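The values are calculated or read from the model by the stated rules, or taken from the named source; none is laboratory data. Keep in mind that this is a model prediction, so the values were computed, not measured. Counting neighbours? That spans all protein chains shown, and the Cβs are built from the backbone with ideal geometry, glycine included. Just so you know, the surface numbers come from the protein's heavy atoms only, side chains and all, with ligands and any DNA or RNA stripped out. Shrake-Rupley method; radii C 1.70, N 1.55, O 1.52, S 1.80 Å.
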Amino acid sequence: MSSITDPPKANFRLSMLIYDTRYRSATIQIVALMGFMLLAAWLIGNAVENLNALGKTISFGFFHETAGYDINQRLLDYQSGDSHLRAALIGLLNTLVVALLGCVTATVVGVFVGVLRLSKNWIVAKIMTVYVEVFRNVPVLLWIALIFALVTESTPHPKTFRGLDTGAVVVTNRGTYLPEVLFSNSLGDISLFGQSALRFDVSLDLLAIVLVLAGGFFASFKLRKRADRIQEATGDRPTTWWQRLLVIFVPLGILLAVLGLHFGYPELKGFNFRGGTHLRNSLIALWLALSLYTAAYIAEIVRGGILAVSHGQSEAAGALGLRSGRIMNLVVLPQALRVIIPPMISNYLNLTKNSSLAIAVGYMDITGTLGGISMNQTGRELECVVLLMAVYLVISLSISASMNWYNNRVKLVER
């Protein structure tokens, strides 16, 4: 009778880290990581040593020094006597405003243009093609300068409105003035962080509006889910659009009436307008240029995503009696999203990083404050540049995480 025995296990030897496939990949990764860490340590140590030789130790104490410069477009209160940290905060908010406005506008325009590029109307399709090709093949910095020149040179001086009925919206060569939202029965503000550089006031009116809107959208979401369950159970979908609109806008309307909503309009006083919400030409030019430039790329992404959906899907939906608009909204676009969203993330990131070109038209974003005037005044090049890189890194990673989360929510799941 014979017995089968397992072969003896080989003892571990150092040579196995190189020649054994079970360990070789891990060995290469560890060596590469150690090499990278040594290189980074050498670069940091060399920079610190050179700075010490120049008598410039790494310090962020300059944040508490007086900035001494003004910021023309801002969301929070700021005076030239505030600290560099306060100026950097204002610049960061300005960057976020441009990034948010640009991403939303570029998405709307890009989807619209991408769909129209596939239009059966020859003139419409060619006009959209010209738009895409023109904006994609000219540097965005030139578009920013051109639009800034147009909104500055082609709009009237404030003095031309003297004695005229200006209306609610006033467009001048110094910017655009919009009606300002005011409340006669305001709930007041809450000040946070005292008198520090991070101080800001939270409007209780705005907070109440946000809470009411959040509750309305939550109720609307529940109504839609209820309609989905009824449709899955019976095959008939109840009409809920009017109910969903009511739960959103009726509570909001009641709240605005209680708060005494009214508008403050710009008025010409002296040599310029006073009152209202002032959007400077630098902000408008940067916003429009980044939006239209990025929308040209998004349009091509949307067009490619739509073409990636089988034409049989549209034919089947048409055979069921759906109109072309409903086919696009209910059949084609939901399937095209899995192709559209991943490359759109890169365009959102590019738009956010391209906002650093704001300094070309005098818009004070984080690059113009922390990476511009503050750095030149304090001489803290390394600290300012490292912080500036960290800010853009955090913003970009946040955008990527949000879009990836949305992509996972809308992607098709096999049953």
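Numbers at a glance
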| item | result |
| --- | --- |
| Sequence-distant residues sharing a close amide H with L268 (under 5 Å, placed H) | R274 |
| Distance from region 212-262 to region 348-415 (C-alpha centre basis), Å | 36 |
| Relative contact order computed over region 178-321 (Cα-Cα under 8 Å; 6+ residues apart), in percent | 28 |
| Principal axis dimensions, region 126-171 - Cα atoms, whole angstrom, descending | 45, 23, 13 |
| Space enclosed by the convex hull of the alpha-carbon atoms of region 54-169, per residue, Å³ | 235 |
| Contact order normalised by residue count of region 96-220, Cα under 8 Å, 6+ apart, percent | 10 |
| Residue-level accessible surface for F200, protein heavy atoms, 1.4 Å, Å² | 70 |
| J(HN,Hα) series, region 22-28, from Karplus relation 6.51 cos²θ - 1.76 cosθ + 1.60, nearest Hz, glycine and proline x | 6, 10, 5, 4, 5, 4, 4 |
| Under 5 Å, built H, 5+ apart or other chain: amide partners of T277 | L178, E180 |
| Overall form of region 21-110 per C-alpha gyration tensor (a/c, 1.5; a/b vs b/c) | oblate |
| Cα pair distances in region 305-408, grouped into 5 Å bins until the bin that holds the longest one, percent each | 2, 11, 15, 13, 11, 10, 9, 8, 7, 6, 4, 3, 1, 0 |
| Accessible carbon and sulfur surface of the chain relative to its total accessible area, %, 1.4 Å | 65 |
| GluC sites (Glu not before Pro) within region 334-415: DSSP coil, no more than 13 neighbouring Cβ in 10 Å | E414 |
| Exposure rank, largest accessible area first [T166, T369; 1.4 Å] | T166, T369 |
| Dipole magnitude of region 194-301 about its Cα centre (Cβ charges: Lys, Arg +1; Asp, Glu -1), debye to nearest 20 | 140 |
| Charge sum, other residues only, whose C-beta stays under 10 Å from R244's C-beta, Lys/Arg counted +1 and Asp/Glu -1 | +2 |
| Student exercise, the chain dipole from Lys, Arg, Asp, Glu Cβ charges, in Debye to nearest 20 | 1240 |
| Sequence-distant residues sharing a close amide H with F200 (under 5 Å, placed H) | L192 |
| Region 211-345 - convex hull of the alpha-carbon atoms, volume per residue in Å³ | 194 |
| For G276, net neighbour charge (Lys/Arg +1, Asp/Glu -1) across residues whose Cβ lies under 10 Å away | -1 |
| Residue with peak Gaussian network fluctuation, the chain [Cα springs, cutoff 10 Å], from M128, M37, M375 | M37 |
| 3J(HN,Hα) from dihedral phi, region 43-51, Karplus parametrisation 6.51/-1.76/1.60, rounded to Hz, x for glycine, proline | 5, 5, x, 5, 5, 5, 5, 5, 5 |
| Residue-wise HN-Hα coupling along region 104-109, computed from phi with Karplus coefficients 6.51, -1.76, 1.60 (Hz; x: Gly, Pro) | 5, 5, 5, 5, 4, 5 |
| Region 275-337 and region 110-132: distance between their alpha carbon centers, rounded to Å | 11 |
| Directionally averaged shadow of the chain, computed from the convex hull of its alpha-carbon atoms, nm² | 37.5 |
| Solvent-accessible area per residue, Å², over the chain with all protein chains present [probe radius 1.4 Å] | 62 |
